[in-house]
Amino acid sequence: MKILVISDTPIPRAAHDLPRVIYDAVAGDDMILHAGDFVEAEVLHKLMALKPTKAVCGNMDSVRLQGLLKQKEVVQAGKVRIGLMHGYG
């Protein structure tokens, strides 16, 4: 199983879209893990449309995202359990 792990994707504040390298990398992956700081929900929805996505909220995320996502998550990936959190504070 291949997993793309990313975080801190402040779109559209820092750029208009995710970098092309993200789209290229995810093509060969089975799952996306995002460790928070989407800033806005649109990036979460965009990633979910690409591959199964598990995510947690970060300290820069909107109130809407903080309501949708937990601060900590344990993800089952095949036989492995992965702890996921943003890590602020």
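The values are calculated or read from the model by the stated rules, or taken from the named source; none is laboratory data. These numbers come from a predicted model, not from an experiment. Cβ atoms come from the backbone with ideal geometry, glycine included; neighbour counts cover every protein chain shown. Note: areas computed on protein heavy atoms with side chains; ligands, DNA, RNA excluded. Shrake-Rupley method; radii C 1.70, N 1.55, O 1.52, S 1.80 Å.
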Within region 14-42, restricting to residues that are more than 10 Å from the chain's Cα centre (by Cα), farther than 25 Å from G78 by Cβ and not hydrophobic (A, V, I, L, M, F, W, C), the one that is surrounded by the fewest Cβ atoms within 10 Å (Cβ to Cβ) is H16
Exercise for the section: Might you let me know whether region 69-89 holds any residue that is part of a helix (DSSP H, G or I) and crowded, with 18+ Cβ neighbours inside 10 Å? Expected result: no
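So that you can scan it fast, the table gives a plain yes or no per residue for (1) among the aliphatic types (A, V, I, L, M); (2) within 20 Å of M1 (Cβ to Cβ):
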{"site": "M48", "(1), (2)": "yes, yes"}
{"site": "K54", "(1), (2)": "no, yes"}
{"site": "C57", "(1), (2)": "no, no"}
{"site": "R64", "(1), (2)": "no, no"}
{"site": "L69", "(1), (2)": "yes, no"}
{"site": "E73", "(1), (2)": "no, yes"}
{"site": "G78", "(1), (2)": "no, yes"}
{"site": "R81", "(1), (2)": "no, yes"}
Does H45 satisfy being open to solvent by 50 Å² or more (accessible area, probe 1.4 Å) and part of a helix (DSSP H, G or I)?
yes
Of the residues in region 1-11 that are more than 15 Å from G36 (Cα to Cα) and either open to solvent by 80 Å² or more (accessible area, probe 1.4 Å) or among the aromatic types (F, W, Y) (or both), the one that is farthest from the chain's Cα centre (by Cα) is M1
